[in-house]
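Participant: Below you will find the structure I want to go over with you.
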Amino acid sequence: MAGVAWHYVLKFIITGDAAVGKSSLLVRLTDQRFLANPDPTLGVEFGSKLITIPEENKVVKLQCWDTAGTESFRSITRSYYRGAAGCLLVYDVTSRQSFVDARSWLTDVREHADPHLTCILVGNKIDLCIEDGAHSAPGKRRREVSTDEAELWAKQEGLLFVEASAKSGQNVEAAFEQATRDILDKIRRGV
Ligand code: GDP
């Protein structure tokens, strides 16, 4: 791969309810850090990251756009979706409502984005969950969406699925990698 800066540039969009952790996932991916109290008015809107998919021998530049600030008036412009190859559809595992709302975010994506877009459902904030059978602990919350339920819905909708934490970093890069592998596979198959 010597001499090659990257083989592909892929546009990703990150969507889902306000406060599920979209900006935090983007900051974690591009900056390897976590902000406990990000300023919501200064939501990160764009981040870029090089990732390597070793088995494909490919370097991919991800250009990721966050829906910062657009949740409240959901008329997101078409330019936001245009050219996107991948989408992270994010909910918070401790918020049932954010999982319910993921359905309408998916409807938006399907209306506006390319039909071949690869979408990965991301259950964020798993670091917050109280373990099964454990008593409550400071700073922890009850999980409101089970892994099984989310996995089943993702399967029904043809979405990839992962649970992650922008706080600990668990599965954040893996989520983008999983989606990227799927996109490269589609490119190879000419889809
Ligand atoms: P956005 O509105 O979807 O972009 O959400 P933000 O990234 O602004 O995050 C909303 C709040 O949730 C902030 O206080 C974050 O620090 C917090 N947060 C985001 N991701 C996580 C996570 O994985 N774990 C925990 N414990 N908090 C998170």
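The values are calculated or read from the model by the stated rules, or taken from the named source; none is laboratory data. Here the structure is a predicted model, which is why all the values come from computation and not from measurement. The protein model used for the area step is the full one, side chains on, heavy atoms only, and it has no ligands, DNA or RNA in it. Shrake-Rupley method; radii C 1.70, N 1.55, O 1.52, S 1.80 Å.
Participant: Please give the helix 172-189 orientation as an angle from the longest Cα principal axis of the chain, in degrees from 0 to 90, rounded to the nearest 10.
Facilitator: The answer is roughly 40 degrees.
Participant: How many percent of the accessible area of the chain is carbon or sulfur, using a 1.4 Å probe?
Facilitator: Within the chain, the accessible surface is 51 percent carbon and sulfur.
Participant: Shifting gears a bit: Suppose the chain between Glu149 and Phe46 were pulled fully straight at 0.36 nm per residue; how much longer would it get relative to their current alpha carbon spacing?
Facilitator: 34.0 nm
Participant: Share of antiparallel DSSP beta bridges in the chain, in percent to the nearest 5? Each step should come with its number before you reach the end.
Facilitator: Working: 8 of 32 bridges.
Expressed as a percentage, antiparallel bridges in the chain total about 25.
Participant: How big is Rg to Rh over region 84-180, alpha-carbon atoms, Rh as the Kirkwood inverse-mean-distance radius?
Facilitator: Ratio value, two decimals: 0.99.
Participant: Any idea what angle helix 96-112 forms with the longest principal axis of the chain, computed on alpha-carbon atoms, 0 to 90 degrees, nearest 10?
Facilitator: The helix 96-112 is inclined about 20 degrees to the chain.
Participant: Relative to the longest principal axis of the C-alpha atoms of the chain, give the angle of the C-alpha long axis of helix 147-157, reported between 0 and 90° and rounded to the nearest 10°.
Facilitator: Computed tilt is about 40 degrees.
Participant: Which pairs in the list Lys11/Lys49; Lys11/Lys167; Lys58/Lys186; Lys11/Lys186 are over 21 Å apart, alpha-carbon to alpha-carbon?
Facilitator: Flagged as over cut-off: Lys11/Lys167.
Participant: Taking N as the number of residues in the chain, what value does Rg over Cα atoms divided by 2.2 N^0.38 Å take?
Facilitator: This ratio for the chain stands at 1.01.
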